[in-house]
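A short worksheet on the structure shown next.
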Amino acid sequence: MKRAVALTALLSLAILATPPASAATGSRTTAGPASPATGSASPSGRHTDPGRQVLPANDGWAAEGSGTTGGSAAPASNVHTVSTRTQLATALAAPSPKIIYVKGTIGTDKTCADYTTGGYTLQAYLAAYDPAVWGRTTEPSGPLEDARAASAAKQTANIKLKVGSNTTIVGLGKNARIRGVNLHVDKADNVIVRNIGFEDTADCFPQWDPTDGAEGNWNSLYDNISVTGSTHVWVDHNTFTDGDNPDSSQPLYFGRPYQVHDGQLDITNGANYVTASWNRFAGHDKTMLIGSTNTPGADVGKLKVTVHHNHFDDVLQRLPRVRFGQVHVYNNYYEVPDASTFVYALGVGVQSQIFAENNFFRLGRAVDPAKLLYNWAGTTLTARGNVLRVGGRVTPIDLIAVYNAVNDPDFGTDAGWTPTLHTGVDPAESVRLSVSRHAGVGEIS
């Protein structure tokens with residue numbers, strides 16, 4: 001076991017090992033604070049109508065090949081403005097290419113009681129599957145688990161809405177919200193989702209799994225946005241929160257958090273060519289998962305994702321967690337104030353190839369920078385040009401050297417690829433200001 005290394009020694013090692021941001025990335029090709037406006041431009045010029053805006057050339061993996069244009073070519077008959085869940089579902093089922101403008105707040109008018117069936121109650125479920133009664137070696141089964149699953153199926157039918165190919169969904173103004181709904185981009189191509197506040201896609205019926213980890217876990221079913229088996233997807237300038245129902249307010253059952261939310265943006269099941277840019281993720285636990293399972297299958301050779309200029313604000317883990325994919329993580333702002341809740345930022349999973357450059361990490365004084373990486377059975381990544389702020393001091397940080405100094409086994413330092421699909425990579429020192437000002441809903445034009 002390696003000896004722990006003092007923080008000051010780690011920072012000294014990082015400063016020595018890491019080149020300045022300008023040396024690591026070369027010259028900039030875009031202006032920092034002006035990037036959101038640049039990102040709103042199409043190849044033929046800037047559109048004032050956000051529904052007609054397309055992903056700029058070279059803007060991450062979603063620009064591969066023919067790029068991502070969503071429903072920008074929709075005729076007038078395929079343009080919809082929606083303000084209710086029913087209107088949204090109807091518009092999503094309409095012909096493509098299509099543009100869907102979200103106006104105001106869209107939510108569901110149903111409560112958990114409306115989905116409950118088969119005699120399910122949480123109290124009865126807790127009594128039946130208490131580890132002291134049920135044990136810890138098998139997953140729940142029997143009438144109450146069947147009732148939970150049937151209740152969950154009713155909720156799924158109401159809140160999971162499929163997004164098809166050649167679709168743009170964009171919020172109008174600064175106050176467009178989708179609350180309690182899971183957008184499922186499934187086996188689709190060419191989808192854009194922008195300028196929407198996503199809130200509280202809560203699972204009424206989390207499942208207890210005593211075999212999940214050493215102590216068991218509660219698992220919920222729904223993400224805000226799920227991208228599965230889809231290609232050419234651009235998720236831009238959205239805000240993701242749990243609203244007034246954070247997981248931190250949930251009780252403990254069987255000694256484990258009763259977690260009612262899953263991911264905010266999960267990209268799995270062989271999805272490919274995705275760009276997530278200028279989003280704000282706030283106050284959440286499992287934030288962004290890239291990759292389905294540790295078992296090689298549909299994900300191998302896919303999951304090419306770019307994550308840039310996002311604000312990860314007091315979120316606990318999966319920022320992102322990656323399996324298999326070639327994932328470019330650059331110019332993101334990580335704000336980690338609380339050591340007691342923070343788990344990790346970048347999860348290095350099976351056969352993952354993360355290329356992390358010019359990110360800005362702002363840590364509370366008690367947060368250990370060696371926890372910025374986590375080993376989920378991965379072996380290597382590339383990390384360069386990143387900076388760390390603790391207190392009022394900003395210094396370069398070699399993420400891999402800091403991790404390797406206190407963990408076994410070591411990570412290798414070469415992900416085996418170099419990103420080419422990206423716009424200008426900004427100096428890491430400028431990221432905090434530009435991203436905190438311009439990420440999230442209400443910042444496109």
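The values are calculated or read from the model by the stated rules, or taken from the named source; none is laboratory data. Note that the structure is a prediction, hence the values are computed from the model and not measured. A quick note on method: Cβ atoms are made from the backbone with ideal geometry, for glycine too, and the neighbour counts reach across all protein chains shown.
Per-structure values
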| read-out | value |
| --- | --- |
| Selection count, the stretch 191-206, where residues are of a type in the set (F, W, Y) and under 15 Å from the mean Cα position of the chain (by Cα) | 1 |
| Top-ranked residue of the stretch 288-303 - restricted to ones that are in contact with a strand residue (DSSP E or B) (Cβ under 7 Å, 6 or more places away or on another chain) and crowded, with 24+ Cβ neighbours inside 10 Å, ranked as nearest to P369 (Cα to Cα) | M288 |
| Only one of Y125, Y120 that is in a loop (DSSP other than H, G, I, E, B), crowded, with 17+ Cβ neighbours inside 10 Å, on the phi < 0 side of the Ramachandran plot and touching a residue at least 60 places away in the same chain (Cβ under 8 Å) | Y120 |
| Strands (runs of 3 or more DSSP E) wholly inside the stretch 351-429 containing at least 3 residues that are without any contact (Cβ under 8 Å) to a residue 12 or more places away in the chain | none |
| Which listed residue, of D368, D314, is over 16 Å from I400 (Cα atoms) and surrounded by fewer than 24 Cβ atoms within 10 Å (Cβ to Cβ) | D314 |
| Lone unmet requirement of (1) over 21 Å from N358 (Cβ atoms); (2) surrounded by 21 or more Cβ atoms within 10 Å (Cβ to Cβ); (3) of a type in the set (S, T, Y) for Y403 | (1) |
| Any hit, the stretch 213-229, residues being surrounded by fewer than 24 Cβ atoms within 10 Å (Cβ to Cβ), at positive phi and modelled with pLDDT under 95 | yes |
| Extreme residue, surrounded by the fewest Cβ atoms within 10 Å (Cβ to Cβ), among residues of the stretch 128-139 that are touching a residue at least 40 places away in the same chain (Cβ under 8 Å) and not hydroxyl-bearing (S, T, Y) | G135 |
